[in-house]
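Here's the structure we're looking at; comments come further down.
FYI, it's all coordinate maths here, none of it is from the lab. In this text, all values refer to a predicted model and were calculated from it rather than measured experimentally. Glycine also receives a Cβ, built like all others from the backbone with ideal geometry; neighbour counts cover every protein chain displayed.
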């Protein structure tokens, strides 16, 4: 049986760029998933471009998709290496 982290990573591979239709998430960001127990996961989201204008949108998509994975009750996003990292982290973890 796959771990929760593996199931989330598999689900995230399905995220597509709305314009090109390609799966570019893992080319544009480093992502690490940590199972904290009881359905709570922490996702480290590190955009490769610290000035990427799509980082917030991508992080929102990551959280939305991860929430839909069976067994996930809460997703905590931790954004790093971006000019708006703290804003992205705060915004996605207060909702």
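Cβ-Cβ distances below 7 Å connect the following pairs, each with a first residue in segment 75-95 that is more than 10 Å from residue 44 (Cα to Cα), a second residue that is surrounded by fewer than 15 Cβ atoms within 10 Å (Cβ to Cβ), and a separation of six or more residues or different chains: 75/67; 81/50; 82/50; 83/50; 83/51.
If only residues of segment 38-95 that are within 13 Å of residue 4 (Cβ to Cβ) and part of a helix (DSSP H, G or I) are counted, the one that is nearest to the chain's Cα centre (by Cα) is 66. Condition (residue is without any contact (Cβ under 8 Å) to a residue 60 or more places away in the chain, touching a strand residue (DSSP E or B) at 6+ places or on another chain (Cβ under 8 Å) and farther than 16 Å from residue 65 by Cα) applied to segment 14-24: is it met by at least one residue? Checked against the condition, which is being without any contact (Cβ under 8 Å) to a residue 60 or more places away in the chain, touching a strand residue (DSSP E or B) at 6+ places or on another chain (Cβ under 8 Å) and farther than 16 Å from residue 65 by Cα, segment 14-24 yields no hits at all.
One residue stands out among those in segment 34-71 that are farther than 21 Å from residue 17 by Cα and touching a helix residue (DSSP H, G or I) at 6+ places or on another chain (Cβ under 6 Å): the one that is surrounded by the fewest Cβ atoms within 10 Å (Cβ to Cβ), which is 71.
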